[in-house]
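Report on the following structure.
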Amino acid sequence: MEMGLRTLKFFPAEPSGGVGMLKALTAVYPVKFMPTGGVSLKNVDDYLSIKSVLACGGTWMVPTNLIDEGRWEELGQLVKDAVAHVN
């Protein structure tokens, strides 16, 4: 914070205590967070409900095996599903 940081990545979110830990951090630190690491379609709403969370990242949207195998339609559908879920 002394260096002017106002946005922080919270990684690995789930192994570090998940939503509960993030809520505790937001009570102390006046910054915005982007949780990644264990965030999924099942818990993304919980993270996004926290006022200081501005975005979430998650590999569930972009599995490396789909990239490696060139399965672009499936990959695109996962991203579309994720966007539709949070909108």
- Query: What residue, among those in region 1-20 that are in a strand (DSSP E or B) and not aliphatic (A, V, I, L, M), is most open to solvent (accessible area, probe 1.4 Å)?
  - Reply: Lys9
- Could you list, in sequence order, all residues of region 46-63 that are open to solvent by 60 Å² or more (accessible area, probe 1.4 Å), in a helix (DSSP H, G or I) and at pLDDT 95 or above? Asp46, Leu48
- What number of residues within region 26-39 are in contact with a helix residue (DSSP H, G or I) (Cβ under 8 Å, 6 or more places away or on another chain) and within 19 Å of Glu2 (Cβ to Cβ)? 1
- Message: Against the condition assigned to a loop (DSSP other than H, G, I, E, B) and open to solvent by less than 40 Å² (accessible area, probe 1.4 Å), how does Gly37 come out, does it pass?
- Response: yes
- Task: Select, from Lys23, Lys42, the only residue that is open to solvent by 70 Å² or more (accessible area, probe 1.4 Å) and within 30 Å of Met1 (Cα to Cα).
- Result: Lys23
- Item | Matching residues, region 12-26, being closer than 19 Å to Ser49 by Cβ and touching a Gly at 6+ places or on another chain (Cβ under 8 Å) | Ala13, Glu14, Ser16, Gly18, Ala24
- Return a yes/no flag: does region 53-75 have any residue that is closer than 30 Å to Met1 by Cα and touching a helix residue (DSSP H, G or I) at 6+ places or on another chain (Cβ under 6 Å). yes
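The values are calculated or read from the model by the stated rules, or taken from the named source; none is laboratory data. Everything numeric in this text was worked out from a predicted model, so none of it was measured. Note that each Cβ is placed from the backbone with ideal geometry, even for glycine, and that neighbours are counted across all protein chains shown. Accessible surface areas use protein heavy atoms only, side chains included; no ligands, DNA or RNA. Shrake-Rupley method; radii C 1.70, N 1.55, O 1.52, S 1.80 Å.
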